[in-house]
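For reference, the structure discussed in these notes is given below.
The values are calculated or read from the model by the stated rules, or taken from the named source; none is laboratory data. Fair warning: this is a prediction, and the values are worked out from it, not measured in the lab. Glycine gets a Cβ as well: all are built from the backbone with ideal geometry, and neighbour counts include every protein chain shown. In case anyone asks, the SASA skips ligands and DNA or RNA and just uses the protein heavy atoms, side chains included. Shrake-Rupley method; radii C 1.70, N 1.55, O 1.52, S 1.80 Å.
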Amino acid sequence: GLAALPDSAMASGSIIQVVQTIKKDTFSTNTYNGFSEITGLNATITPTASTNKLLIQVDVSWSAEINIIFYGKLYDGSSEITGANGTGGSSVNAWFASYNKASTNAIAGGQINHLTHSYLHQVSDTNSHTYKLYGNGQASTFYINRRQENNDARSTSIFTIMEVAA
């Protein structure tokens, strides 16, 4: 039979492994005091080689009660990955920003918004890493996987990490 290639023999750009977490339940929090971890929307991976990179992708369904900007930050364990953030913002520099815009608060609360974002992270080790998503809904409550106004419509949010050969 054929022997499998070792990870070190994989062509540059090859996907070594993929981990994925699907958050099926809902989450909400009021973030007057900054960013909060979105529980259950995270993934853990152990790179096979310190030279490889990790491609992190999120697909998030969210809602809010009023017109707000929903901000997200990426964390490796308890450390914010500031290299993923925008710079020069007058109030918030985040990994992503998504705007909930509607003509009335009732319409804003009835929407489910969808965002996707990705980041290629170089960790330079072979330790286990748990990546987490933190969110901020300005001075409002934000909701994950449901509409603000009604708990009838549900969706999922997904956190995916792929190890990419150097």
Of the residues in the stretch 57-70, those that are out of contact with any Phe, Trp or Tyr (no Cβ under 7 Å at 6 or more places or on another chain) and modelled with pLDDT of 95 or more number 4
Those residues of the stretch 67-82 which are without any contact (Cβ under 8 Å) to a residue 24 or more places away in the chain and either surrounded by 18 or more Cβ atoms within 10 Å (Cβ to Cβ) or in a strand (DSSP E or B) (or both) amount to SER79
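Per-residue answers, yes or no, for (1) among the charged types (D, E, K, R); (2) modelled with pLDDT of 90 or more; (3) in contact with an Asp or Glu (Cβ under 6 Å, 6 or more places away or on another chain):
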position	(1), (2), (3)
SER79	no, yes, no
GLY83	no, yes, no
THR87	no, yes, no
ASN100	no, no, no
ILE107	no, no, no
GLY110	no, no, yes
TYR119	no, yes, no
ASN127	no, yes, no
GLN138	no, no, no
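Please work out which residue is nearest to the chain's Cα centre (by Cα), limiting yourself to the stretch 83-97 and to residues that are within 19 Å of LEU54 (Cα to Cα) and not in a loop (DSSP other than H, G, I, E, B).
PHE96
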Counting only strands (runs of 3 or more DSSP E) entirely within the stretch 114-165, those with at least 2 residues that are over 23 Å from ILE68 (Cβ atoms) and either open to solvent by less than 60 Å² (accessible area, probe 1.4 Å) or basic (Lys, Arg) (or both) are 129-136, 157-164
Consider GLY89 carefully, then state whether it is more than 22 Å from ARG146 (Cβ to Cβ) and touching a strand residue (DSSP E or B) at 6+ places or on another chain (Cβ under 9 Å). yes
Single unsatisfied condition, GLU37 versus (1) in contact with a Gly (Cβ under 9 Å, 6 or more places away or on another chain); (2) closer than 17 Å to ASP125 by Cβ; (3) of a type in the set (D, E, K, R): (2)
Quick one: which of LEU41, LEU54 is at pLDDT 95 or above, hydrophobic (A, V, I, L, M, F, W, C), open to solvent by less than 50 Å² (accessible area, probe 1.4 Å) and farther than 30 Å from THR141 by Cβ? LEU54
